[in-house]
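Working notes for the structure below.
Derivation of every value follows stated rules applied to the coordinates shown; laboratory data play no part. Please read these numbers as outputs of a predicted model, since none were measured by experiment. Virtual Cβ from ideal backbone geometry, glycine too; neighbours counted across all protein chains shown.
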Amino acid sequence: MIETQGINIEGVLTAALKQVQVSKTASLVSISEKINKVDRLSFFAAGKNLAKNRSFWSNADQNVCFVGIGDSYTLKAERHSYDTVKAEWKKLMERTIIKRHDESANTGPIAIGGFPFDEENETYQLWQGFEGSQFRIPEYMLTVDENGYFLTTNTWIDPHSNVGKLASVLHEERNMLLNPPPQRSEGVNPILLKHEVDPGEWKNLVREVTDYIDNHSVEKIVLARELQVELRKPCNITDVLRQLLTNQKNSYVFAWESEGACFIGASPERLVQVKNNHLLSTCLAGTAPRGKTTEDDKQMGQALLQDKKNREEHQIVVNMIRDAVLSCAHNVQIPEQPVIYPLQNLQHLYTPVRAELKHGYTLLDVVKKLHPTPALSGFPQNESLSFLREHETLERGWYGAPIGWFNRSFNGEFAVAIRSGLICDEKASLFAGCGVVKDSDPEMEYEETKIKFTPMLEALGG
Ligand SMILES: C=C(O[C@@H]1C=C(C(=O)O)C=C[C@H]1O)C(=O)O
Ligand SMILES: [Mg+2]
């Protein structure tokens with residue numbers, strides 16, 4: 001018999017086998033337990049020996065963290081993603097056997113993944129492996145939260161499974177992950193080449209948008225651009241995560257590997273969190289650099305709070321999120337004025353939105369209502385999306401889209417995947433955008449996007 005930290009895996013699987021032999025269908029078995037402290041990045045790095053696809057998520061307060069190794073199941077949807085994912089997840093949960101030996105709300109079968117920025121977009125040159133919406137339940141998932149460290153093991157069992165063999169494989173792999181060799185940074189991997197994709201054309205497009213806003217009933221359009229980077233050696237994702245976690249406070253840090261590529265970033269923008277019907281969303285738009293001295297910095301923050309153009313950019317987001325949240329929640333609370341949200345390289349205008357979800361709505365319904373907010377597409381949503389489809393040459397893929405997780409009862413959280421990049425070996429494409437309103441100046445918007453590349457550039461060693 002194999003015992004791990006008080007949990008008898010073979011026993012759990014034997015009981016599960018009896019169940020599936022009665023139902024005659026395969027089931028996902030999800031076993032979670034409390035474990036001793038393990039370094040999250042060492043766990044992530046050790047996972048490379050076991051599986052191609054790893055996932056990483058840390059919330060902005062760094063008190064909820066998931067590290068996923070492999071996929072025991074991947075949910076994919078190309079169309080009507082939110083409804084499809086929701087329905088498929090419910091079906092999967094009905095045939096999942098859950099054994100929990102812990103007190104955390106963040107263990108058991110958890111789906112980690114993302115939606116595309118625009119479902120209508122079907123050209124996937126850059127984004128191979130990230131087609132449509134994809135959520136995975138990792139084979140092994142480390143949870144780190146306020147209650148401690150937990151391991152969830154997710155495995156399939158069918159009426160013919162050899163439980164003894166399965167248990168011994170799981171045991172061996174878990175041992176490997178839970179006793180990882182200590183991780184040290186591989187050192188600097190210098191950036192050899194930086195290539196901004198058509199900056200001149202991009203500034204022209206900003207001008208075109210301001211003209212367009214003057215002549216149409218559109219208030220804001222968010223334009224994004226790409227910076228291509230080449231490193232000396234293939235990128236070490238663990239090192240990039242370490243940099244982001246250390247330097248980008250107040251940010252969600254995420255990584256999602258697929259087909260040899262990794263989408264990774266440190267986003268300050270919460271889309272929505274749902275915890276037992278409590279909803280928390282965020283309006284984040286309006287940007288200024290950080291000052292060099294404390295005095296300077298404070299003054300720049302004050303100037304941002306009073307700047308007409310940035311306040312307009314921000315207010316458009318607040319209005320839309322308020323309407324979207326009102327349609328599915330009550331007790332909606334939104335402060336009158338934004339405050340400053342400070343980041344390592346820049347500061348934003350920030351307004352939190354709190355509410356109670358109405359009966360019948362889930363996290364995914366709210367994501368559907370919110371995405372894309374005017375912080376990422378513009379306003380009105382349809383008009384700005386049509387403009388982007390016609391004029392933006394960048395393939396946004398998962399950039400600017402909801403990325404996050406949810407559990408069996410649809411508690412979870414999504415961030416907006418900005419300050420991010422897609423890395424494949426020694427090559428990376430970084431993305432940054434900005435809200436263009438009628439008073440936008442192409443040069444200033446260009447500078448704004450330039451600073452938005454810095455979190456990823458610094459993390460890559462530039
Ligand atoms: C689009 C991005 O950021 C968004 C645009 C902002 C702005 O224009 O002021 C600020 C925060 C984000 O909502 C990005 O970082 O790529
Ligand atoms: Mg802006």
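Per-residue Cβ neighbour counts within 10 Å put THR14, THR373 in the sequence THR14, THR373, beginning with the fewest.
Note on region 202-331: Lys pairs 8 or more places apart or on different chains, Cα atoms under 22 Å apart, count 9.
For LYS34, the lysines whose Cα falls under 20 Å of its own Cα, not counting residues fewer than eight places away in the same chain, are LYS99. Stretching SER168 away from GLU78 to a fully extended chain increases their span by 28.7 nm, per 0.36 nm per residue minus the current alpha-carbon distance. Placing a label point 7 Å from the Cα of GLU201 along the Cα-to-Cβ line, the residues of region 212-232 whose backbone N sits under 15 Å from it are 224-228. Quick check on region 191-459: take the gyration tensor over C-alpha atoms, sort the square-rooted eigenvalues as a ≥ b ≥ c, and tell me if it's rounded (a/c under 1.5), prolate or oblate. Verdict is rounded for region 191-459.
Quick one: ARG389, ARG54, ARG174, fewest Cβ neighbours within 10 Å first, how do they rank?
Numbers: ARG389 11, ARG54 28, ARG174 21.
Exposure proxy ranking, most exposed first: ARG389, ARG174, ARG54.
Across region 362-413, counting alpha-carbon atoms alone, Rg and Dmax equal 13.1, 40 Å. The phi torsions of region 131-138, fed into the Karplus equation with coefficients 6.51, -1.76 and 1.60 and a -60° offset, translate into couplings of 5, x, 9, 9, 10, 10, 9, x Hz, rounded to whole numbers, with Gly and Pro shown as x. Normalised by the number of residues in region 3-178, the mean separation of alpha-carbon contacts (under 8 Å, six or more apart) gives a relative contact order of 36 percent.
Amide hydrogen proximity for ARG232: with H placed 1.01 Å from N in the peptide plane, the residues at 5 or more positions away or on another chain lying under 5 Å are LEU192.
Exposure proxy check: HIS101, HIS160 ranked by fewest other beta carbons within 10 Å? Each step should come with its number before you reach the end.
Working: HIS101 15, HIS160 9.
The fewest-first ordering by Cβ neighbours comes to HIS160, HIS101.
The mean sequence separation of alpha-carbon pairs under 8 Å and at least six residues apart, normalised by the residue count of the chain, gives a relative contact order of 21 percent. Cross-link partners for LYS76 among the lysines, with Cα-Cα distance under 21 Å and sequence neighbours closer than 8 places in the same chain left out: LYS52, LYS86, LYS90, LYS91, LYS368, LYS369. Once the Cα-Cα distance is subtracted from the 0.36 nm per residue extended length, the LYS275 to ALA87 segment shows a gain of 65.7 nm. Shown in residue order for region 384-394 are the 3J(HN,Hα) couplings computed by the Karplus curve 6.51 cos²θ - 1.76 cosθ + 1.60 at θ = phi - 60°: 5, 5, 4, 4, 5, 4, 7, 10, 7, 8, 5 Hz (x for Gly and Pro).
The length gained on full extension between LEU193 and ASP158, counted as 0.36 nm times the residue separation minus their Cα-Cα distance, comes to 7.5 nm. Taking 1.002 mPa s as the viscosity and 20 °C as the temperature, the Stokes-Einstein diffusion coefficient of region 3-178 based on its alpha-carbon Kirkwood radius rounds to 125 µm²/s.
Placing pseudo-labels 7 Å out from each Cα toward the beta carbon at ASN345 and ASP39 gives an inter-label distance of 2.6 nm. Summing +1 for each Lys or Arg and -1 for each Asp or Glu among the other residues whose beta-carbon sits under 15 angstrom from that of ASN382 gives -3. Seen from every direction in turn and averaged, the convex hull around the alpha carbons of region 348-462 projects onto 9.9 nm². How far apart, in nm, are the 7 Å Cα→Cβ label points at GLU120 and GLN381? Placing both labels 7 Å beyond Cα along the Cβ direction yields 1.3 nm. Hey, if you drop one equal point scatterer on each alpha-carbon of the chain and run the Debye formula without solvent, what base-10 log of I(q)/I(0) do you get at q = 0.07, 0.09 Å⁻¹? Ignoring solvent entirely, the Cα scatterers give -0.36, -0.59.
So what's the back-of-envelope 222 nm ellipticity for the chain, counting only DSSP H runs of four-plus at -39500 (n - 2.57) apiece and dividing by all residues, rounded to 500? Numbers along the way, then the final one.
Numbers: 11 runs with 149 residues, N = 462.
Estimated from H runs of four or more residues: -10500 deg cm²/dmol.
Name the residues of region 269-288 whose amide N is less than 18 Å from a point 7 angstrom out from the Cα of GLN306 along the C-beta direction? In region 269-288, the label zone of GLN306 (backbone N under 18 Å from the point 7 Å along Cα→Cβ) covers 287-288.
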